[in-house]
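Here's the structure, in structure tokens; my notes come after.
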Amino acid sequence: MKAIGYKENLPIEDIKSLQDVELAIPKATGKDILVEIKAISVNPADYKVRAGMPVQGDDWKIIGWDATGVVKEVGEDVTLFEVGDEVWYAGDFTRQGSYAQFQVVDERIVGKKPASLSYAEAAALPLTSLTAWEMLFDRLEVAKNDASKSILVIGAAGGVGSILVQLAKKLTKLNIIATASREETTAWLKELGADSVINHRNKLSEEFEKYSLPAPEYVVSLNATEQHVDEIAKLIKPQGKFGFIDDPKSLNVMPFKGKAVSTHIELMFTRSMFQTEDMIEQHHILNKVSELIDSKTIKTTLGENFGTINAKNLRKAHAFLETGKAKGKIVLEGF
């Protein structure tokens, strides 16, 4: 099968950072299903792993954690899917990824692809939907019927923010305050349902004062958390909840002590990495999101389609994503 992988951690400008390779088609056993991949999307996790995770032994490392496709084979213990089913998923950090024509994945972290979306449109959503859903409802434990509270979403125009704003708008009664820094991304967030959009290039506290915004009970930081942590501590309501998903080199949470603010880290790979008892929750979440898509409650966050799945186009996608200027998700489809 065709695949795209690496053997060395190299800058994306190096042609060897991602290479076209030929590998054997894997076999589905146990709870695994074998998926013929139709489309994928690219996430910050992709370039972070490509640049920083060494390859074990002489094998090619295949990354990628968003995919849509068709089930071609099922393991002997599979009960949730059959050959021919259209599926979507975000994969497992500890296994070979979705930059390949075929991939084996545990059925418990796979959902039914939205019938109303193309493969490319659907590929934009699994990882970000899982991250956003788990942050809102598993980590921050947002109440779906509480209309008296606000949430601040920092860096909201990217992949996770684009779906988190929609989920918060459609499934909760929260007042949604999002941040962006460009006219294009500000308009995008208002279209997705943000009640207010402020500029994170300015001091957040000054933006809140300028627009007379209420202190948020919940704050979600999706990037540049180190830069904003002091402002978050100023703004957040006492006994509020703060969550982040990025990778700050250090994070001093002591400014939160006086307000008794709880701090939460979200990583959607945790359930599959540790084979947690509730691992199947990701199957349920993806199916719920699929239903929300098909009922037109929320929409795909596809930003740009970079064409065929190959090394050249993936290097281009990684390079663009590393600029931090992406709006929505970058997808690729077909081999």
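The values are calculated or read from the model by the stated rules, or taken from the named source; none is laboratory data. Bear in mind the structure is a predicted one, so any value in this text is a computation, not a measurement. Please note: Cβ atoms are built from the backbone with ideal geometry, for glycine as well, and neighbour counts cover all protein chains shown. Keep in mind that these areas ignore ligands, DNA and RNA; they rest on the heavy atoms of the full protein, side chains included. Shrake-Rupley method; radii C 1.70, N 1.55, O 1.52, S 1.80 Å.
Tabulated results
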read-out: Filtered residue count, the range 229-251, keeping only those that are under 22 Å from Thr128 (Cβ atoms), modelled with pLDDT of 95 or more and part of a loop (DSSP other than H, G, I, E, B); value: 1
read-out: Scan of the range 187-207 for residues that are in contact with a strand residue (DSSP E or B) (Cβ under 8 Å, 6 or more places away or on another chain), modelled with pLDDT of 95 or more, in a helix (DSSP H, G or I) and not aliphatic (A, V, I, L, M), ordered by number; value: Lys190, Glu207
read-out: Complete set of residues in the range 219-249 that are open to solvent by 80 Å² or more (accessible area, probe 1.4 Å) and on the phi < 0 side of the Ramachandran plot; value: Glu226, Gln227, Asp230, Lys234, Lys237, Pro238, Asp247, Lys249
read-out: Ala147 vs. criteria open to solvent by 30 Å² or more (accessible area, probe 1.4 Å), among the hydrophobic types (A, V, I, L, M, F, W, C) and either at pLDDT 95 or above or under 21 Å from the mean Cα position of the chain (by Cα) (or both); value: no
read-out: Within the range 1-120, strands (runs of 3 or more DSSP E) holding 3 or more residues that are over 28 Å from Leu292 (Cα atoms), open to solvent by 30 Å² or more (accessible area, probe 1.4 Å) and at pLDDT below 95; value: none
read-out: Of all residues in the range 1-57 being out of contact with any strand residue (DSSP E or B) (no Cβ under 9 Å at 6 or more places or on another chain) and among the small types (Gly, Ala, Ser), the one that is farthest from Ser98 (Cα to Cα); value: Gly57
read-out: Evaluation of Ala168 against (1) in a helix (DSSP H, G or I); (2) open to solvent by 10 Å² or more (accessible area, probe 1.4 Å); (3) among the hydrophobic types (A, V, I, L, M, F, W, C) (one fails), failing number; value: (2)
read-out: Residue in the range 176-196 that is touching an Asp or Glu at 6+ places or on another chain (Cβ under 6 Å) and open to solvent by 30 Å² or more (accessible area, probe 1.4 Å) present; value: no
read-out: Any chance Ile176 is touching a strand residue (DSSP E or B) at 6+ places or on another chain (Cβ under 8 Å) and over 24 Å from Ser295 (Cβ atoms); value: no
read-out: Filtered residue count, the range 171-185, keeping only those that are at pLDDT 95 or above and assigned to a helix (DSSP H, G or I); value: 1
read-out: Scan of the range 121-141 for residues that are open to solvent by less than 10 Å² (accessible area, probe 1.4 Å) and not in a helix (DSSP H, G or I), ordered by number; value: Ala124, Leu125, Leu140
